[in-house]
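Everything below concerns the one structure shown next.
Quick note: the coordinates plus some simple rules give every number you see, no bench work behind them. Everything quoted here is computed from the prediction, not taken from an experiment. Methodologically, a virtual Cβ is constructed for each residue, glycine included, from the backbone with ideal geometry; neighbour enumeration extends over all protein chains shown.
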Amino acid sequence: MTKNHETATFGTLLRVHRERSVERRLGRPLSQDRLARKLSEKTGLIFNRNNVGNWESDKAFPSVEDRRTLVSLIAILFEYSGISTFEEADRLLDAGNYRSLSDPEQEEIKHWLIKKGIPTPTAAAATSSFRSGRSMLDDVPEAGLKPENNSGGWGLKSLFHRPQAPVSLYDSECGGRPIDLSTQRLQISTSFGAYFVGLLEKPNLYLDLESQIDCPASSRQAGLAPLQRIFWHLEYARGPRILVIGGEGGMGKSTLSAKIIRCLHQEQAIDLILGDSAKSRHIDPLSKNLVHVIQGFYDPASFYDRLCSQVGLPAFSGKDAIAAIRDRLLGRRAVIVLDNLETVKKGDEILDALKTLTSRDIRAIVTTREIHGLKVLDSKSLVVQLQPIKDAASVGEFLNWHIEQHQYQHPALRNLRHDLSNHIPWLVTRTGGIPLIMQLVLSDVARSSWAAVRSLPSLFGRDLLDFLYQARWDELGRLGTAGHTAREVLRWIAREQYHGQLITSRTLTDWAVSRVLDSYLPAAISYLFEMFLVTNRDSIQGNFSIYPSLVEFIEKQAPDPAGK
Amino acid sequence: MKTDIDWTALQEFSSHLSAPGVDPGSIPEIEWKIIAQTLSELLAAKDWDGVLRLRQTFNDLYANDSMTGLPALQKLDQDAISAARSLGRMAELAHLLGAKGHNLHRQGYHTQALEAFEESADRYRVVGNDRQALENYYMTSLCHRALGNREHARQVLQDVLEQTPDDDPWRAHPLQVLAWLTQDNGDLPTAEALLRQAVRLFRTLPKSDLLIAGALADLGEIVGILGRFQEARMLFEESLALFPAHKGQFNRQEARTALKYSELLMQQGQYTVVERLLDQADDKISRYGHYYDLLWQIELARAFVYLRTGRVRFCLSKLRSVFRIRRQLGLSNLLLAQYVSKRYLQRLFHSMKDLAGNGDIV
């Protein structure tokens, strides 16, 4: 089994190195935009994110004559730890048919790093990455990742040899930047809750995995990746106006819709985000408890009321409401989102209304767990089904992305990189390729071992997800006061998140102090990061959240006995 | 039954929400929920004093011009009025009714606003606060005018001016409304003179920059209709320059100036700028304030832009939108015709007169 890194293009490697670069202050990878700005500062030339994007997609290359740009690029990647050895730097240059770094160039980079107070690199791979202690190519799953010719090999070739020069309408980073919701924050948090607001405002939201999106392609879309096809449809004046995203819980429907909205916003294709999340529960204002109601509580009238209010209209009903909203939106560019269509009574009626409301400038995105049974889907609707991730290359890419995202809260994840590829087939078989379940199982592995998790019972889909949550919940129960504190923190986050609350480090600490649990809080938080993938989107102020499926699980748990 | 409310936290929240530079629309929903939660606790405990105190805590938000359409604020206002009634607190009731009248008028519910101002004035008279009674009586003139009762409105203003000393800068308020009525009658030079007098008086009042901004916008409109475009532009820009110091808190006022400015630019054929300006004005008033009275005016301006740029179908849609919103507000179509005459036909008439004066039209 040889690592075929000779086949990796300059763009692919540049992207991998950039994504490994970490802006420590923000705790996130270096963006294309940031890299371009750093490069401009260092060289005095003008670069923007499109330059970097084009290099990464191998559409353009730095000039072979322009050593200043190339050396600066590598120095910046060193500075942000995206490259850790001169060997890696030379490999990158080699992939673009550039000559290796000369001694003076290496000295220049060292001098730059010393000036920045950063340890200087050596040529030896053994002293490489600050994170894994391994070289970058070892970090990449030995991809493929289906056994080739049944030989059991997992060659890098298939990872690095994606279809050549895919057509791209939008920069792959489109939607990568968080939206500043500004004055729309109240409106969006009222309609969709804090979780969705977090998706719109979170950096590094999404990893584009082609195999996950099942999007029909027309003959005119040959060569377009599925996400690009969606953008094509949404941009095409006579294209479908309603995008329906279907998929089981944990598949990433809301994340994909947030990615699309962010991209449309970034491209200035929309300036209004409207819509609602169909809820199957509400808050009792007196008791402040969540009250569950029967499926179908949400109806078209609630949806129209919400839209009327969002576009500043007094309440209209039925067809009057649809006509009033349509006339109001004329001349504006907006996306109307309906989250959780499956919980709606008369979902077809809302889809019909959306057909009337949408236009060249007004598009709709609908998410649902159930697509079957929707009768009104036609040429005005584009149905995209989110599939489990099953091909090994995508799984490897996804798991590495997960490790990158969660490694600071759960450092043990880093140790999984080296033999990840050996376990991918088992992981896919056991989890059904559902992204959220794979992430949970991977966190179990980091806390125990692959051998330990192989004893998972034969459950699938939602049952397996509940089992994983339950096992963790029980484990917290065995971890003494810190474990019980962690349970209470989870209950509190679940409740506050549903209320739309921003959960900052300060509010969390205040809550713990009020319950005299503050001394157990650090350990409790650590458990939650490792076991429940609690995310903190703001490393400075704190912005904690949990997955909706976990909220549903927690709501079913009986309160802990008093005094625990 | 008394409740355990953290009033300090509520006061801090209110100060934050109504601080210049904070657009309340950027605050997520949950932070607002403290208002609804506190109110439901106070109501459950029948703590009417607490309800009044809660309403008072958020006084600034009601006085400002951005958020009053928010359901939580509307409910608190209504419950506070009921609490003041049941406790027999006349002065507080008068204040709350006056504030309610202002917000109803801004939203376009002029009949209900008129009732609120009249009751407020009566209550103030009962408790012996004649000045506040006069100020609320004055506000009825705005409602009468909006409902098409111009003579009644003029009568109210004359009463108010007679009862106000000549050296009282507050006269600027009735003079400004008198200028509107004069403009309604087509006497633009007199209207201009009245507005200039109002601006002069407003400038002598402390913390009056928003009043000045409003009057400058009115003046810009008249000067623009009279064909002095450069001067009108400067007046609008001076008006708009006063808002950043209050960013986020007086969105309706800002949108009002933007609307009038866009009408001037429309007259000059700058339709792209006009559309952008109207979108900005729309965003400022439609999300949280629900200032329907300004909303239909913005929709009407869009209809004219579409008409002048040959997008007839769009124009018809926007006209439908105007009629629909006005119907919900209970406003007559005759009043709409008067409004169109004042805002658009006057411009056309003066433009033609200017052209004729220049010998372009015989």
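Amide hydrogen proximity for A:Ser277: with H placed 1.01 Å from N in the peptide plane, the residues at 5 or more positions away or on another chain lying under 5 Å are A:Asp339.
Here the 3J(HN,Hα) profile of the range A:546-555, calculated from phi with Karplus coefficients 6.51, -1.76 and 1.60 at θ = phi - 60°, is 10, 5, x, 5, 6, 4, 4, 5, 5, 4 Hz, Gly and Pro shown as x. Check cross-link reach from A:Lys390 to the aspartates and glutamates: straight Cα distance under 12 Å, and skip same-chain residues fewer than eight apart. Within reach: A:Glu210. The range B:6-88 gives an Rg/Rh value of 0.95, both radii derived from C-alpha positions and Rh following Kirkwood. Amide H contacts for A:Val244 (H built 1.01 Å from N in the peptide plane; partners 5 or more residues away or on another chain; cut-off under 5 Å): A:Val366, A:Leu382, A:Val383, A:Val384. Computed from point charges on the beta carbon alone (+1 for Lys and Arg, -1 for Asp and Glu), the dipole magnitude for the range A:392-555 about its Cα centre is near 160 Debye. If you wrap the Cα atoms of the protein assembly as shown in a convex hull and average its projected area over all directions, you get 45.1 nm². About the centre of its Cα atoms, the range B:6-88 shows a dipole size close to 300 debye [charges on the beta carbon of Lys, Arg (+1) and Asp, Glu (-1) only; nearest 20 debye]. Each semi-axis of the equivalent ellipsoid for chain B is √(5λ) with λ an eigenvalue of the Cα gyration tensor; in descending order they amount to 37, 24, 19 Å. Can you classify the range B:188-284 as rounded, prolate or oblate using the Cα gyration tensor, where a ≥ b ≥ c are the square roots of its eigenvalues, rounded means a/c under 1.5, and otherwise it's prolate if a/b beats b/c and oblate if not? Judged from the Cα gyration tensor, the range B:188-284 comes out oblate (a/c at least 1.5, b/c at or above a/b). The alpha-carbon of A:Lys38 sits under 19 angstrom from the alpha-carbons of these aspartates and glutamates, leaving out residues fewer than 8 places away in its chain: A:Glu19, A:Glu23, A:Glu56, A:Asp66, A:Glu79, A:Glu105, A:Glu108, A:Glu173. Comparing mean-square fluctuations of B:Leu259, B:Leu277, B:Leu114 from a GNM of chain B with C-alpha springs under 10 Å, the top value falls on B:Leu277. Of B:Ile222, B:Leu195, B:Gly330, which is farthest along the charge dipole of the protein assembly as shown in the positive direction, counting Lys and Arg as +1 and Asp and Glu as -1 at C-beta? Sorting the options by dipole projection puts first B:Gly330.
Here the Karplus relation 6.51 cos²θ - 1.76 cosθ + 1.60, evaluated at θ = phi - 60°, turns the backbone of the range A:340-355 into coupling constants of 6, 4, 5, 8, 9, 7, 6, x, 4, 5, 5, 4, 4, 5, 5, 4 Hz, with x for every Gly and Pro. Over 27 Å apart at the Cα level, from the set B:Lys100/B:Lys207; A:Lys253/A:Lys346; A:Lys253/B:Lys75; A:Lys380/B:Lys318; B:Lys247/B:Lys318; A:Lys42/A:Lys259, are A:Lys253/B:Lys75; B:Lys247/B:Lys318; A:Lys42/A:Lys259. Across the range A:314-424, the mean sequence separation of Cα contacts (distance under 8 Å, 6 or more residues apart), normalised by length, yields a relative contact order of 22 percent. Relative contact order, whole percent, for the range A:182-386 stands at 31, derived from Cα pairs under 8 Å and 6 or more residues apart. Between A:Leu479 and A:Ile540, take the C-beta separation as r, use R0 = 25 Å, and let me know the FRET efficiency to the nearest 0.05. Computed FRET efficiency for A:Leu479 and A:Ile540 comes out at 0.30.
When chain B is treated as a Gaussian network with alpha carbon springs shorter than 10 Å, the biggest mean-square fluctuation among B:Phe250, B:Phe236, B:Phe349 belongs to B:Phe349.
Estimated at 0.36 nm per residue, the fully extended path between B:Asp168 and B:Ala337 surpasses their Cα-Cα distance by 57.2 nm. Model label points for A:Ser449 and A:Glu210, set 7 angstrom from Cα along the Cα-to-Cβ axis, are 3.8 nm apart. Anyone know which of B:Arg311, B:Arg302, B:Arg123 comes out most mobile in the 10 Å Cα GNM of chain B? In this elastic network of chain B, the residue with the biggest mean-square fluctuation among B:Arg311, B:Arg302, B:Arg123 is B:Arg311.
How high is the relative contact order of the range A:392-555? Use alpha-carbon pairs under 8 Å, at least six apart in sequence, and give a whole percent. It rounds to 22 percent for the range A:392-555.
For the pair A:Lys556 and B:Arg200, label points projected 7 Å from Cα toward Cβ lie 7.8 nm apart.
With the simple model of a label 7 Å out from the Cα in the direction of the Cβ, A:Ser302 to A:Trp401 spans 3.2 nm. The angle between the Cα long axis of helix B:172-184 and the longest principal axis of the Cα atoms of chain B comes to about 40 degrees, rounded to the nearest 10.
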